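Contents: one structure, followed by commentary.
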Amino acid sequence: PFPANSPMSRFGLGPFLSGRHFDLFHSPFGLVPRVVGRPVVVTIHDVMWLVNPRFNSKSWALRLVAGSFYRASLETAMAEACRILSVSEATRRAIAEHSPWHQS
């Protein structure tokens, strides 16, 4: 019920899902909802907010606000997911470089 890459997905989807029956949550958009209470698989398309936020926007304000949110969300997703899916070999290498706890 929320836009995929929004703070509402990160903070509102967990409560929305509470009480619903499912065994696994797959997040196809790189953000993991808070308080899912089930194993999470996340698909990460890129880690540009971690590598170089300047590639995402020319606006310093957007890089500051959105960058903080997306960096924290990506790091949380990589830390909390029981599995990470990448869309390419380059993304897999970038994930391994920026999240050493998921190198295998």
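The values are calculated or read from the model by the stated rules, or taken from the named source; none is laboratory data. These numbers were taken from a predicted model, which means no experiment stands behind them. Cβ: placed from backbone, ideal geometry, glycine included. Neighbour counts: every protein chain shown. Remember, those area values only see protein heavy atoms, side chains included, never the ligands or the DNA or RNA. Shrake-Rupley method; radii C 1.70, N 1.55, O 1.52, S 1.80 Å.
Miscellaneous remarks
- Here residue 62 meets each of (1) in a helix (DSSP H, G or I); (2) modelled with pLDDT of 85 or more; (3) open to solvent by 70 Å² or more (accessible area, probe 1.4 Å); (4) not aromatic (Phe, Trp, Tyr) with one exception, condition (2).
- Per the conditions (1) closer than 16 Å to residue 5 by Cβ; (2) assigned to a loop (DSSP other than H, G, I, E, B), the sole criterion not satisfied by residue 70 is (2).
- Per-region count, the stretch 46-56, residues assigned to a loop (DSSP other than H, G, I, E, B) and surrounded by 14 or more Cβ atoms within 10 Å (Cβ to Cβ): 3
- Single condition residue 91 does not satisfy, out of (1) exposed (fewer than 15 other Cβ atoms within 10 Å of the Cβ); (2) over 22 Å from residue 13 (Cα atoms); (3) among the β-branched types (Val, Ile, Thr): (1)
- Residue within the stretch 12-22 that is part of a helix (DSSP H, G or I), exposed (fewer than 14 other Cβ atoms within 10 Å of the Cβ) and of a type outside the set (Gly, Ala, Ser) present: yes
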